[in-house]
Amino acid sequence: MATTTSDDLRGRRKAAADNCDRWLSNRRLTVPERLRRLADVAGDDRTDVYGGGGEVETLELEVAELLGKPAAVFLPTGILAQQAVLRVYADRAGTSRVAVHGLSHLLMHELNALEEVHHLRIERLTSEPRQPRPDELSAVPGKLAAVTLELPLRDAGFVLPTWDELVVFAESCAERGVPLHLDGARLWESTPYLGHSLAEIAALASTVYVSFYKVLGGVSGAALAGPDDVIAEVRRWQRRLGGNLYSLFPYAVSARDGLRTVLPTMDDLYQRAVETAKALQSGGFRVFPDPPHTNSFRLYAPRAADAIELSAVERMEVTRESICGPWQPADVPGWSWVEMVVTPTTLEWQVDEVAKAFGELLAR
């Protein structure tokens with residue numbers, strides 16, 4: 001009997017995913033479908049030129065209002081947005097030291113850009129799978145250019161602080177006289193758990209970054225909101241780092257569409273995530289955090305990663321349904337995990353239907 005290698009399984013997964021006609025998370029749009037959608041929802045006939053005018057300018061005004069900040073700038077990527085604002089803070093403070101979580105996106109997924117490109121010195125608040133505490137900030141001596149919080153912390157399992165914890169941490173930054181920057185790639189999804197509006201959350205920080213291509217379903221792109229003078233300096237770094245594209249209107253059109261159609265569903269997505277997590281736990285799985293803090297959480301299965309991944313791919317090949325991404329080995333031997341992300345597409349499934357589909361992965 002032939003052995004299935006990991007490369008074989010990756011190839012089979014891709015082929016099966018390309019053949020799916022039903023998705024539990026976001027459905028893959030074809031290029032013609034995406035272009036038709038952009039044409040249908042575009043609200044401005046003018047095109048931007050190097051970020052000025054048209055849909056880009058309108059989007060920046062909308063984001064600034066949503067987040068309660070004086071100004072906002074649209075950028076093609078969140079990596080660019082956060083590099084730029086942290087560089088601004090470092091130059092202003094006269095120190096290269098920035099405090100971040102050891103599991104933050106800034107350190108886990110950006111090829112050490114803060115140090116390699118901007119020569120910033122990283123001070124890790126903690127590397128535990130939770131949000132950092134004020135006492136951990138106090139334990140970092142000396143002058144800091146900025147402190148960052150990722151809300152939610154994706155690589156810890158999409159975990160958030162409580163509202164009171166967030167307020168206390170923000171007050172600790174203010175007392176120390178250091179700007180607090182929010183990595184809010186998934187800030188839209190954080191409002192139900194925190195129980196406060198986007199503007200109320202953003203008011204605790206000097207600057208806030210948000211993303212448009214995740215749950216909002218945009219083509220790509222990010223925005224950074226904050227004081228006028230900081231945003232003006234970020235625009236200069238956007239140019240220096242090659243992020244001031246001649247035109248960004250397709251990204252801005254899709255971002256505005258997500259704000260209109262998906263942002264109002266955040267409470268529904270969060271509630272469905274809580275219900276789904278409960279149903280999956282009843283079927284032999286475990287979730288973290290329990291209950292979820294956002295529309296996303298980690299799902300753990302009592303099967304080895306290679307075995308359950310094979311079951312998932314085989315099920316996808318037969319049913320033409322995509323219910324999850326690739327399974328990863330968990331810290332506990334014999335267990336595996338995968339990220340669950342509840343999107344508007346997920347609302348088309350019944351909770352018991354989702355539980356049944358995942359139950360089949362354990363039964364195979």
For this session: Take Asp21, Asp44 and order them by how many other Cβ atoms sit within 10 Å, fewest up front.
Result: Asp21, Asp44
Problem set entry | Among Ala232, Gly221, Gly142 the positive-end extreme of the charge dipole of the stretch 42-261 (Cβ point charges) | Gly142
Exercise. What list do you get for Leu137, Leu245 if you sort them by fewest beta carbons within 10 Å?
Worked result: Leu245, Leu137
Exercise. Dipole magnitude of the stretch 42-261 about its Cα centre, charges +1 at Lys/Arg Cβ and -1 at Asp/Glu Cβ only, in debye to the nearest 20?
Worked result: 480 debye
For this session: Using just the helices of the chain, give the 222 nm mean residue ellipticity in deg cm²/dmol: DSSP H runs with n ≥ 4 each add -39,500 (n - 2.57), and the total is spread over all residues, rounded to 500.
Result: -13500 deg cm²/dmol
For this session: Set the Förster radius R0 to 30 Å, insert the Cβ-Cβ distance between Glu165 and Lys14 as r into 1/(1 + (r/R0)^6), and round the FRET efficiency to 0.05.
Result: 0.15
For this session: Among Ser206, Gln350, Cys324, pick out the residue whose Cα is farthest towards the positive end of the charge dipole of the chain, where Lys and Arg carry +1 and Asp and Glu carry -1 on C-beta, about the Cα centre.
Result: Cys324
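Normalised by the empirical 2.2 N^0.38 Å for globular proteins, what value does the Cα Rg of the chain take? All intermediate terms of the calculation are to be shown ahead of the outcome.
On the way: Rg = 21.2 Å, N = 364, 2.2 N^0.38 = 20.7 Å.
Normalised by 2.2 N^0.38 Å, the Cα Rg of the chain equals 1.03.
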For this session: Arrange His118, His293 by Cβ neighbour counts within 10 Å, fewest through most, would you?
Result: His118, His293
Problem set entry | Reciprocal mean inverse distance between Cα atoms of the stretch 155-240 - Kirkwood radius, Å | 14.1 Å
Exercise. If you average the sequence gap of Cα pairs under 8 Å that are 6 or more apart and divide by the length of the chain, what percent do you get for the contact order?
Worked result: 22 percent
Exercise. Which Cα, out of Phe169, Leu106, Tyr89, lies furthest along the positive dipole direction of the stretch 46-179 (beta carbon charges, K/R +1, D/E -1)?
Worked result: Tyr89
For this session: Jot down the radius of gyration and Dmax of the stretch 146-200, Cα atoms only, both in angstrom.
Result: 11.1, 30
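Where a number appears in this text, it was derived from the coordinates with a stated rule and is not lab data. Because the structure is a prediction, the values reported are computed rather than measured. Counting neighbours? That spans all protein chains shown, and the Cβs are built from the backbone with ideal geometry, glycine included.
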